[in-house]
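Structure first, then comments.
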Amino acid sequence: MSILKGGSFLRTDSGWAARPQYLSMEKALYKFIDSKRDWIISFTKSLVEIPTVNPPGNNYEKLVGRLEKELKSLLRLSVRKITVPQRLVIKKGIRGASKRVCLLGCWQTGSKKTVHLNGHYDVVPASSNWDTPPFQALLKGDRLYGRGSEDMKGTISSMVLGVWALKELGLQPEVNVEFSFTPDEEIGGETGFGWLVKKGIVKPDYGISEGYTDSYISCGNKGMIWAEFGICGLSAHGATPHMGINAFDGMIEMATELKSLNKRVSRRRTKWAMRNDKDRYATLVLGGEAGGGTKINMVPDYASFSVDRRILPEENIRNVKSELEGVLNRMRRRRPDLKFSMKIKMSDGPVVIDKANKLPKAIGSAVKKVLGVRANYGVMPGGTDMRYLIKRGIPAVGYSARGGFRWHSDNEYISVRSMLNTAKIYALTILNL
Ligand SMILES: [Zn+2]
């Protein structure tokens with residue numbers, strides 16, 4: 001590979017050109033990345049085998065140490081470790097777990113603009129239904145099995161390899177390249193990437209994080225309202241129900257009312273592409289959490305259930321909230337004998353970026369080159385850490401290496417081929433900016 005090092009390429013007005021005796025820039029890049037198959041397997045394996053399970057968030061420092069070593073030795077980057085303040089972590093109800101350490105790496109190319117690559121290193125717990133031990137990454141053909149391989153440790157490896165290739169081949173981008181590897185995306189990101197953005201520690205011109213894969217690029221995500229509805233009645237002996245007011249009955253009436261609201265809601269469809277066409281609709285899920293009642297022979301004086309409402313980019317979060325309040329008010333009028341309440345536990349508006357921005361174009365053209373397919377621009381049904389940047393007006397896209405779409409499920413795996421291709425896509429995207 002030595003002939004490809006330093007000075008093999010020239011930047012011209014129309015892009016990178018190789019000196020005639022050498023391979024084209026893309027071919028050299030692909031060749032370097034493909035030669036790192038063993039590296040990407042063993043690096044991803046080493047990340048999967050540190051169980052950064054969240055909740056509660058374990059082994060964070062160990063994982064960060066592993067990433068730090070690679071950023072320093074392979075990429076020769078200057079790195080910083082920043083710990084999210086403990087008082088914020090405690091405020092979120094997290095106790096007795098790892099410190100929330102964020103790792104930052106920076107490649108200053110002297111440019112005015114910066115692209116930021118972010119990966120979250122926490123993973124969700126694994127059930128006992130796995131065919132392989134979830135924290136011993138096992139390779140079967142092209143698939144590397146293990147918890148967090150697809151979400152998103154494999155993608156972290158692609159990010160590192162993509163930038164390594166640029167450095168190794170002497171391809172200096174026209175943007176500075178920054179990394180952050182952060183905790184707690186799986187619990188909302190406010191004690192991870194969200195905090196870095198809020199504090200202005202991360203303030204790039206472009207952001208890239210996890211998202212869709214293959215030909216799909218995510219340009220934002222749906223919004224959401226998580227609400228808890230409560231119904232208060234009056235308890236009585238189960239043998240004399242006429243003495244009480246049944247809160248559970250009130251809950252059924254209210255849930256029925258919400259189901260008819262859902263009929264209207266679920267007809268709304270976004271113009272944005274989705275990987276699965278069914279995801280293009282607004283959704284309302286009832287009863288993810290439900291409770292109430294104390295004993296079989298009592299008239300229940302309390303009942304509660306949750307609503308998970310996902311909001312399209314074309315909808316307005318205030319209107320969505322009013323629709324839910326409308327149901328609440330109708331129930332209050334219809335059943336004055338019961339007390340109804342609605343508590344918003346979490347709410348976040350939908351976010352999207354402009355498709356005409358330089359970043360989606362840059363990654364779209366990289367996808368076309370590497371995979372030979374035209375890019376589709378879509379929004380994600382669920383939120384990722386990318387939304388923190390988009391909310392600040394910073395264009396950010398989501399793009400991941402692919403597995404079997406088994407995030408948060410059993411037998412999660414990542415395709416080695418896809419990790420290598422994704423590294424190429426990241427590298428070309430950075431050069432396109
Ligand atoms: Zn993820």
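The values are calculated or read from the model by the stated rules, or taken from the named source; none is laboratory data. These numbers come from a predicted model, not from an experiment. Neighbour counts run over all protein chains shown; Cβ positions are idealised from the backbone, glycine included.
Observations
- Per this entry, residue 201 is not counted among residues that are modelled with pLDDT of 95 or more and within 16 Å of the ligand (Cβ to nearest atom).
- In the set 100, 76, only one residue is crowded, with 20+ Cβ neighbours inside 10 Å, among the charged types (D, E, K, R), in contact (Cβ under 8 Å) with a residue 40 or more places away in the chain and assigned by TED's automatic domain parsing to the domain that holds residue 419; that residue is 100.
- Within region 211-222, tally of residues that are away from the ligand (no atom under 15 Å from the Cβ) and crowded, with 24+ Cβ neighbours inside 10 Å: 4
- Selection status of residue 255, of a type in the set (A, V, I, L, M), assigned to a strand (DSSP E or B) and over 30 Å from residue 400 (Cα atoms): no
- Looking across region 394-415, just one residue is of a type in the set (A, V, I, L, M) and surrounded by fewer than 22 Cβ atoms within 10 Å (Cβ to Cβ), and that is 394.
- When region 147-189 is limited to residues that are more than 14 Å from the ligand (Cβ to nearest atom) and part of a loop (DSSP other than H, G, I, E, B), the one that is surrounded by the fewest Cβ atoms within 10 Å (Cβ to Cβ) turns out to be 170.
- Matching residues, region 362-415, being within 15 Å of the ligand (Cβ to nearest atom) and of a type in the set (A, V, I, L, M): 380, 386, 396, 397, 401, 414
- Among the residues of region 111-122, those identified as touching a residue at least 24 places away in the same chain (Cβ under 8 Å) and either surrounded by fewer than 17 Cβ atoms within 10 Å (Cβ to Cβ) or of a type in the set (Lys, Arg) (or both) are 111, 113.
- Residues that are at pLDDT 95 or above and either buried (at least 19 other Cβ atoms within 10 Å of the Cβ) or assigned to a helix (DSSP H, G or I) (or both), drawn from region 258-274: 258, 259, 260, 261, 262, 263, 264, 265, 270
- Filtering region 81-101 for residues that are away from the ligand (no atom under 16 Å from the Cβ), closer than 30 Å to residue 417 by Cα and modelled with pLDDT of 95 or more leaves an empty set.
- On inspection, residue 112 does not qualify as away from the ligand (no atom under 16 Å from the Cβ), touching a Cys at 6+ places or on another chain (Cβ under 8 Å), outside any helix (DSSP H, G or I) and of a type in the set (Lys, Arg).
- Flag if residue 421 is more than 16 Å from the ligand (Cβ to nearest atom) and under 16 Å from residue 144 (Cα atoms): yes
- From 125, 133, residue being surrounded by fewer than 17 Cβ atoms within 10 Å (Cβ to Cβ), within 16 Å of the ligand (Cβ to nearest atom) and part of a loop (DSSP other than H, G, I, E, B): 125
- Being within 16 Å of the ligand (Cβ to nearest atom) and either touching an Asp or Glu at 6+ places or on another chain (Cβ under 6 Å) or in a strand (DSSP E or B) (or both) is a property that holds for residue 208.
- The lone exception for residue 119 - which of (1) closer than 28 Å to residue 29 by Cα; (2) within 14 Å of the ligand (Cβ to nearest atom); (3) outside any strand (DSSP E or B) it fails: (3)
- For region 306-425, the strands (runs of 3 or more DSSP E) that sit wholly inside it and include 2 or more residues that are among the aliphatic types (A, V, I, L, M) and under 19 Å from the mean Cα position of the chain (by Cα) are 376-380, 396-399.
- Filter result for residue 277 (within 21 Å of the chain's Cα centre (by Cα), without any contact (Cβ under 8 Å) to a residue 24 or more places away in the chain and outside the structural domain of residue 426 (by TED's automatic domain parsing)): yes
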